[in-house]
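Nothing in this text is a laboratory measurement; each read-out follows from the coordinates by a stated rule. Only a predicted model underlies this, so the values are computations on that prediction, with no experimental measurement involved. Here the Cβ positions follow ideal geometry from the backbone for every residue, glycine too, while neighbour counts run over all protein chains shown.
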Amino acid sequence: MCKIPGVGPVAPEIAKEIGQDAFLNGVFYDGKDLRHFKRWGRSTPVEISVALELGMAPDFPGVKCVDCGKRFKTQFDHFEPVAAGGPDAHFNLGPRCWPCHQAKTARDRRAGKLTPKAPPKQKPQAKRTRRAQKLKAQAP
């Protein structure tokens, strides 16, 4: 049996279903000791990332950007953004180089699939020094 804080006990099948599109923490407790902790979520384990980057055996051709064909410094991007309802699954991922990833993200924003980019934060105004305050007070 699994327990979700604020919900209570749930069947493991239900927890597994919830975990398909959520971040899930698992704590295994035998009644006395905390035996194991596991976090499930959208992050990909490094072993799987490396295997994906190597490509298919036996040639291991590596990956290349789906847009321009570059082979270096690629990152996996969702074809259909998760924020727009796209699945967080391997078939919805493709390698993109940084410039192509940025261009695709901009296209997705224009298409309304992503929230607008937040404006850059304004730097806080520097505090005026006593001397500057004194000079301002003396100015006509």
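Enumerate the amide H contacts of Asp77 below 5 Å, restricted to partners 5 or more residues apart or on another chain; note that Pro and chain-start residues carry no placed amide H.
Under 5 Å from the amide H of Asp77 lie the amide H atoms of Gly94, Arg96, each far enough along the sequence or on another chain.
Summing Lys, Arg as +1 and Asp, Glu as -1, what charge do residues with Cβ under 10 Å from the Cβ of Lys70 carry, Lys70 excluded?
Cβ neighbours under 10 Å give a net charge of +3.
Would you please classify the overall shape of region 46-110 from the alpha carbon gyration tensor, given that a ≥ b ≥ c denote the square roots of the eigenvalues, rounded means a/c under 1.5, and beyond that prolate means a/b larger than b/c while oblate covers the rest? Numbers along the way, then the final one.
Values: a/c = 2.68, a/b = 1.49, b/c = 1.80.
Here region 46-110 falls in the oblate category.
Residue by residue through region 63-68, what is 3J(HN,Hα) from phi via Karplus (6.51 cos²θ - 1.76 cosθ + 1.60, θ = phi - 60°)? Round to whole Hz and write x for glycine and proline.
Ordered by residue, 3J(HN,Hα) equals 10, 9, 4, 5, 9, 10 Hz.
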